[in-house]
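Please read the structure below before turning to the comments.
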Amino acid sequence: HWLNNNTMNYQNCWMRVATTADAAAVAAFAEMTFRATYAHANTPEDMELYCRKTFSESLIVEDILMPDMQYQLAIANNELVGFIKLQWSTPPMPMPFERPLQIARIYAHPEAKRMGIGRILMASAKAFATEQQHDYIWLGVWQQNEDAIAFYKKMGFAIVGTDTFLLGNDLQLDWIMGMPVHSK
């Protein structure tokens, strides 16, 4: 298993755009990561309902084929270690930017947290935003996910608003966090 390899070097982690052939692996990885992150704080019924509705292979295929969406995969030692789902559609609140880019999902393998995968994923999102001339990056994060909020703040994001998120039958509160994209 790649995580047991003490010589793991995340400089060897590389990014690539997902294709429909990746949908099953992305769906399984997303569900595993989501459950590992949130199961302890939610009911089994809400988790089951949300995961069943959200992480099917067919839904991931639909996402990958959307013209306003891109999945980017982080690969290390031929294993999926993280992914980021980028979307350029209308945000849930007015923003004073012309071309905002949403980080709809950013997932790192639970055993790889604090090992640099999140930074690699975020760098890929920022590079994509610059390349595609987006002027703002935003995301939603559960207000109780203190680790993620701290990471996003470290990456330059600030809280700019709130939104709701339906997990199963539980309506939860998210922070909307964002940051301008600076071309250099």
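The values are calculated or read from the model by the stated rules, or taken from the named source; none is laboratory data. Treat the numbers as computed from the prediction; the structure is a model and nothing was measured. Virtual Cβ from ideal backbone geometry, glycine too; neighbours counted across all protein chains shown. Heads up: the accessible areas ignore ligands, DNA and RNA and are worked out on the full protein's heavy atoms, side chains in. Shrake-Rupley method; radii C 1.70, N 1.55, O 1.52, S 1.80 Å.
See the values below:
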item: Residue check, Leu59 open to solvent by 30 Å² or more (accessible area, probe 1.4 Å), part of a helix (DSSP H, G or I) and closer than 18 Å to Tyr107 by Cα; result: yes
item: Residue check for Gly168: more than 17 Å from the chain's Cα centre (by Cα) and crowded, with 18+ Cβ neighbours inside 10 Å; result: yes
item: Residue list for the range 114-127, filter: over 14 Å from the mean Cα position of the chain (by Cα) and either in a helix (DSSP H, G or I) or of a type in the set (A, V, I, L, M, F, W, C) (or both); result: Met115, Ala127
item: The listed residue being without any contact (Cβ under 8 Å) to a residue 40 or more places away in the chain, over 13 Å from Met177 (Cα atoms), touching a strand residue (DSSP E or B) at 6+ places or on another chain (Cβ under 7 Å) and not acidic (Asp, Glu), out of Gly118, Gly156; result: Gly118
item: Qualifying residue in the range 88-97 (condition: in contact (Cβ under 8 Å) with a residue 40 or more places away in the chain, open to solvent by less than 20 Å² (accessible area, probe 1.4 Å) and either not in a loop (DSSP other than H, G, I, E, B) or not hydrophobic (A, V, I, L, M, F, W, C) (or both)); result: no
item: Any hit, the range 78-97, residues being among the aromatic types (Phe, Trp, Tyr) and over 17 Å from the mean Cα position of the chain (by Cα); result: yes
item: Residue match in the range 105-113 (condition: assigned to a helix (DSSP H, G or I) and over 14 Å from the mean Cα position of the chain (by Cα)); result: yes
item: Some residue of the range 45-52 being open to solvent by 80 Å² or more (accessible area, probe 1.4 Å) and at pLDDT 95 or above; result: yes
item: Residue among Phe157, Phe151 that is buried (at least 18 other Cβ atoms within 10 Å of the Cβ) and more than 23 Å from Cys13 (Cα to Cα); result: Phe157
item: The range 129-172, subset over 15 Å from Ile103 (Cα atoms) and among the hydroxyl-bearing types (Ser, Thr, Tyr), residue modelled with the lowest pLDDT; result: Thr164
item: So Arg119, is it on the phi < 0 side of the Ramachandran plot and either surrounded by fewer than 21 Cβ atoms within 10 Å (Cβ to Cβ) or not charged (D, E, K, R) (or both); result: yes
item: Single condition Ala39 does not satisfy, out of (1) free of Cβ contacts under 8 Å to residues at least 12 places away in the same chain; (2) open to solvent by 60 Å² or more (accessible area, probe 1.4 Å); (3) under 18 Å from the mean Cα position of the chain (by Cα); (4) over 18 Å from Val26 (Cα atoms); result: (2)
item: Residue within the range 61-83 that is touching a strand residue (DSSP E or B) at 6+ places or on another chain (Cβ under 7 Å) and modelled with pLDDT under 90 present; result: no
